[in-house]
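The structure appears right after this line, and notes come after that.
Any read-out appearing in this document is the output of simple, stated calculations on the displayed coordinates, not a laboratory observation. Being a predicted model, the structure only gives us computed values, none of them experimental. Cβ: placed from backbone, ideal geometry, glycine included. Neighbour counts: every protein chain shown.
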């Protein structure tokens, strides 16, 4: 997934605001366990991606996110023995005991999988809609070399991992442990990324593109997405404090689905998608 400028309000907003907006979407998913609220957060992420013109890229990201979420959802009922409603009887093993699968553990596994899916797609939205060069310019004010190192380490790490995996498959005999391969790849990639960052800094990389001293004025899209992010964070903080959307998976599954929960879900979707309504100033 790579960033490409598109004619959408989210792409028109500055990188700092876009990053905070994606962080707010992830905060909503991590602040609650109620399935209805999580479904609303998922709808908000998917809707934001579609309105930003990232539907095809989101589908590619979902190919990796959905299997990961399914694995998370399936692990919980297999390892958790809590819950009163048994839906499947398993064998009685000496050490772990009876491998019974309960409705409560299955439902909570689905909640964990749904949360993982939302977070995964939120990171995908960030990677596709937030300009990495602008993010680099933001962080270079703190530490230019660290920003360059972080930017260069990911592609270097990917290339080193592919090359080492190819070399490992060509060697006969006993396979090298995976942790040893990961440790070697990560160490080498970090060293090379630091060297590249230092070299680019010495050569004056980005010296002609230093941020202007004058502050860039906030556009209507910056204000809209900043207000949306603030509203989403306020909802995430106020929901547990106000006692809304209670969810108790154990010992018996309890999840309220009244007017308050439906209103909360609708507010999340509206707050997340409302900034996309204003398309003035979008360059096509």
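In the distance distribution for segment 1-109, Cα-Cα pairs more than 16 Å apart total 70 percent. Counting beta carbons within 10 Å around each of 128, 253 and listing the fewest first gives the order 253, 128.
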